[in-house]
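Below is a structure I'd like to ask you about.
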Amino acid sequence: MNLLESFANLASRNFGCNNKSQTTASTLLRALSSNRASTESLLSAAQSFPNLNNSGRGTGNNPSSTGQRQSNVLSLSQTMALSLTNSSDSEADFLESCHAQALLEGIEDEQPECVEEEDEEDDEDDEDEMNLEDDMYNELMDEEEGHNSDCHRRSWDDDFVLKRQFSALVPAFDPRPGRTNVNQTQDFDVPPPGEQKSVRDGQSECEQGEPRLSLSIRGPSYPGMSDIEVPLDDPNSTIFKYVQTLSLMGPLNGRMERLKRIWDPTYTLIYRDVDTPPSQPKRQENTAGRWTMGYVAHYIGSDTLPKTELIDYLKSNAEEDFLARWRLSGTSKNVKKTRNCSQLMAAYKDFLKTYGPRLAEQQKLQDESLSRRRVLSDLDTPYHSDVCSVDDVLRLLQFLYVISLETNDEAAFAVQPEKFVSKKLTNKITQQLNDCLVLASMALPDWCERLTKWCPMLFSYDLRSLYYNYTAYGTSRAIISLQNRREQTQERGGGTRVSRREDSVEYRVGRLKHERVKVPRGDKLLPWAMQVMKFHAERKSVLEIEFVEEEGTGLGPTLEFYALVSAELQKTAHAMWVTDDSEHTSAERAVDIGHGVKQPGYYIQRQGGLFPAPYPQSQVGKVTDLFRFLGCLLAKALQDGRLVDVPLSRPFLRLMCMGEVGSNLTRHHDIERRNHSADVITPVNSDSCSSEEEDTTPTEKTSAPTSPRLKVTADSDSSCSLTPSSWFTSILTDADFQLVYPTRANFLQQLKKLADDKATILADLTLNDMEKTRKLDKLKVATVSGEEFSLQDLCLSFTFNPSSTVYGYEEVELVPGGAETMVDIHNVEEYIQLVTDFCMHSGIQSQLDAFTDGFNSVFPMEKLHSFSPSELVVMLCGEQCPQWTREDIMQYTEPKLGFTKDSPGFLKLVNVLVDMNADERKAFLQFTTGCSSLPPGGLANLHPRLTIVKKSDSTDCTYPSVNTCVHYLKLPDYSSEEVLRQRLSHATIEKGFHLN
């Protein structure tokens, strides 16, 4: 339940539906109509709970006299009363502002019906006095009866406790006899592909008129600190987190004491109407320009927006030719005399049209820099420009870590990454993670998130993984992780888990709900899988899969579902990934990864792994839907702890975690340097894009970064235009291009060498123009075979030809008219830039945006920024090339029920497993565990352990069978290793989960 619903539920109890609550509302009417100025009288009139004001109605100025809980309610009521009286001058406005249906709509409660309360001790004379006001109240509320018929109202209940609901948790298992326990696994209905399901059934009509409210919390007046009000702007946060924020504000003196006394003071919740009257337009700061055109038209020439302010803004951000065209040159005072408001409005409109995209990009970079410039926030460490702060030290460590990652021999600073790990910071974050209340309330200090994201080198992988598991998946998962960690700690301690069964019931908050979905096999699997992820992506419960017309359920079928879908996405026919029809490497072979043995070419098998294929963005089609589904699938696998065997390339993994552990730091500071590189708004230079305006466009004052922030588009309807960069700009490098496109990269390297030779010739001052021309004509491109050709002989045009016919297009023009524009010695650099950009940026932007959207629908992908690609692939796929030795099998498997470690039948299995090749090992793991990969650490970390039992009443013709959920292999005692090898090989090919 979010903050707005929680406060509305609390406030609604002041406006009940029984006679007592109506009497209270009538008392408020009488107080307002008589213009009482006393806050105490108004406060006492607003009480809808008789037990708090029986002793006197006019003495509400001493909240502490009625106890701590009464003082909290008094403070809340006072705030509500003051807010209502300030916003309403008439009785009708007051009744509209405290409209009960708007506050109560959508609230789910344990007691949805109105509670009838009787208080026989009420004074009958007081009731007679208020009968007139009751009639007035009833008459005014009769008009709203039709809207409130479906809304339930409650009177104030002093003993009511508002409980937070966890949709992904079911009550903890109670082992005591006679107790009824909720089934942990529940069926989840998903409509067939192509059908839609209503998002919300039975929606009440009362929500249509619900007002928009803004909430804030105000803390007590600490010594030396004035009243501070914090907006409750995050609906996913808790009150406890904002209470901590208030405690950290103010002077440093006494901050620790305030944190210790966090439960003692009284905090006030304030709500306001956020609707802005249309006659008072807001000033817009975060638009393409400083103001919107509507704002300028409304306020130009007034004190709110003087003409000189607009003139100064245009002069500081526009170019000289623009100022001259609109006669804005000279001093602001002289321009003000010669230009009227209409002319200035026209100039500003032209300014937005001319500089709008550049201003939007500049604003985006500035916002990103402001949020990242400081590693820690002001709440964590106040900034003092005259001294070296903690933030400065962290920034220095960032740069040193980036330098230490350099692989060249000239690096003067060579330090092992382990040296950067801080034991003290590790202990501090561990201490925060041990606080159950803080963790369950998602109230961790901001510095924890900032340090693990921007300074991951300060923490070990184990700690970063622990922090990720506790914070990435929401409160329900965090509570379950805390419970599991406590049990693991007790098991490692060697003692019993809990001494008393009652203690375990009290400790465990709940169990994680499992939701089961039935899907078919075969050709319908992928559409059904996409439908399942569409409806289950945002749910925090565990997803379980059961195949139609099969008895198996639980972990085994779920793991096979992920394996089958992963294999489906690797099919060449889906045209998702880079492939080359002319290349055939040793990686291509006949394999069985879920759909039987398939010949080379059925799946995309590349040594560098899978990387999105580039498309003209207007023709990308259904590929974006597949990438959105892939994002959901990978995020769901991480959330539920499933391993997926998808051979993603290292460049794609770098995109998922925003580069290497150090490269995102480089990008972080790259953005800052670019933001401070120019004093005026100008387009970013691009050496690869020439236009007619090139001579009139000023360049940046500093050297351009390695990767430009504005990229060249490859759409046929654009004229070599610059477009804003995407979220993955400057992450991928030439090394990534070489890994994804080895053949094309080698050819571009030859062209780059040719361009470098051209630059050397043009820079030679000893040559005249004729000699330079002759040398340029002699430049050749060397091929792999050693032959040399000129660019004219290659007949290259400004087009991109895909490497496979599966993509559905033959070529794409990199510039308008690119098919007729030939590549020569004068434009070869532009051709290199355009090809690289299309392959690694503009041609894959829609696919990666869809992937990010799908991933973020499960949990934020930015949570992966703390990990490197090598760490991420282990988290996602485990050991994709499983290895084991005879010693590993003997130590980490458990022969039982007829087999021992000395049994001949078990030793035969050991010999067969040791002799398996890579594909056979993956098939065996898929057969016995439901997943073709091993968890990090191999067989030692496979839980539960692989158990081998003797199958009774079996012969050499009997096949082995398994229970994948518990890794339980039922093996006949075969007469020879050869028979065992044949039967086991045939068994791994069979698909389906049936009783055995």
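The values are calculated or read from the model by the stated rules, or taken from the named source; none is laboratory data. Since we're looking at a predicted model, the values are computed, not measured. Neighbour counts are summed over all protein chains in view; Cβ atoms, including those assigned to glycine, are modelled from backbone coordinates with ideal geometry. The area values use the complete protein model at the heavy-atom level, side chains included, leaving out ligands, DNA and RNA. Shrake-Rupley method; radii C 1.70, N 1.55, O 1.52, S 1.80 Å.
Yes or no: Leu925 buried (at least 21 other Cβ atoms within 10 Å of the Cβ) and out of contact with any helix residue (DSSP H, G or I) (no Cβ under 9 Å at 6 or more places or on another chain)?
Yes: the conditions hold for Leu925.
In addition: Arg642 is checked against (1) in a helix (DSSP H, G or I); (2) modelled with pLDDT of 90 or more; (3) open to solvent by 20 Å² or more (accessible area, probe 1.4 Å) and fails just one. What number does that condition carry?
Result: Arg642 passes all but (1).
For residues that are modelled with pLDDT of 70 or more and in a loop (DSSP other than H, G, I, E, B), scanning just segment 337-375, find the one that is surrounded by the fewest Cβ atoms within 10 Å (Cβ to Cβ).
Asn340
Regarding segment 839-847, can at least one residue be identified that is open to solvent by 20 Å² or more (accessible area, probe 1.4 Å) and among the β-branched types (Val, Ile, Thr)?
No, segment 839-847 contains no residue that is open to solvent by 20 Å² or more (accessible area, probe 1.4 Å) and among the β-branched types (Val, Ile, Thr).
Kindly establish whether Ala755 is open to solvent by 40 Å² or more (accessible area, probe 1.4 Å) and in the same structural domain as Glu829 (by the TED database).
no
Filtering segment 545-563 down to residues that are open to solvent by less than 10 Å² (accessible area, probe 1.4 Å) and under 26 Å from the mean Cα position of the chain (by Cα), which residue is nearest to Val644 (Cα to Cα)?
Result: Tyr562.
So, one more: Considering only segment 899-949, state which residues are among the acidic types (Asp, Glu) and either outside any helix (DSSP H, G or I) or at pLDDT below 85 (or both).
Residues satisfying the conditions are Asp902, Asp915, Asp919.
If a residue has to be of a type in the set (S, T, N, Q) and over 57 Å from the mean Cα position of the chain (by Cα) to count, how many in segment 757-782 make the cut?
Looking only at that region, the number is 2.
A quick yes/no check of all residues on (1) within 23 Å of Phe737 (Cβ to Cβ); (2) touching a strand residue (DSSP E or B) at 6+ places or on another chain (Cβ under 6 Å); (3) at pLDDT below 90:
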position: Phe747; (1), (2), (3): yes, no, no
position: Gln750; (1), (2), (3): yes, yes, no
position: Glu788; (1), (2), (3): no, yes, yes
position: Leu794; (1), (2), (3): yes, no, yes
position: Ser803; (1), (2), (3): yes, no, no
position: Glu813; (1), (2), (3): yes, yes, no
position: Ala819; (1), (2), (3): no, yes, no
position: Tyr831; (1), (2), (3): yes, no, no
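Report yes if some residue within segment 969-984 is under 38 Å from the mean Cα position of the chain (by Cα) and closer than 20 Å to Leu559 by Cα; otherwise report no.
No: zero hits.
Sort out which residues of segment 964-984 are in a helix (DSSP H, G or I) and either crowded, with 20+ Cβ neighbours inside 10 Å or of a type in the set (A, V, I, L, M) (or both), and write them in order of number.
Thr964, Val966, Val979, Leu980, Leu984
Okay, moving on. Which one of the conditions (1) closer than 30 Å to Arg539 by Cβ; (2) crowded, with 18+ Cβ neighbours inside 10 Å does Thr821 fail to meet, given that it meets all the rest?
Exception for Thr821: condition (1).
State all residues of segment 320-336 that are open to solvent by 30 Å² or more (accessible area, probe 1.4 Å) and not hydroxyl-bearing (Ser, Thr, Tyr); if no residue qualifies, say none.
Result: Glu320, Asp321, Ala324, Arg325, Trp326, Arg327, Gly330, Lys333, Asn334, Lys336.
Next up: Under the condition of being open to solvent by 20 Å² or more (accessible area, probe 1.4 Å) and assigned to a helix (DSSP H, G or I), which residue from segment 527-543 is farthest from Leu626 (Cα to Cα)?
Residue satisfying both the conditions and the ranking: Phe535.
Within segment 295-306, can one find any residue that is modelled with pLDDT under 80, of a type outside the set (Phe, Trp, Tyr) and not assigned by the TED database to the domain that holds Met345?
no
Determine the pairs where a residue that is within 17 Å of Ala819 (Cβ to Cβ), located within segment 785-798, has a partner that is assigned to a strand (DSSP E or B) and open to solvent by 70 Å² or more (accessible area, probe 1.4 Å) with Cβ atoms under 7 Å apart, the partner being 6 or more residues away or on another chain.
Sorted first by the residue in segment 785-798, then by its partner, the pairs are Leu796/Met822; Ser797/Met822.
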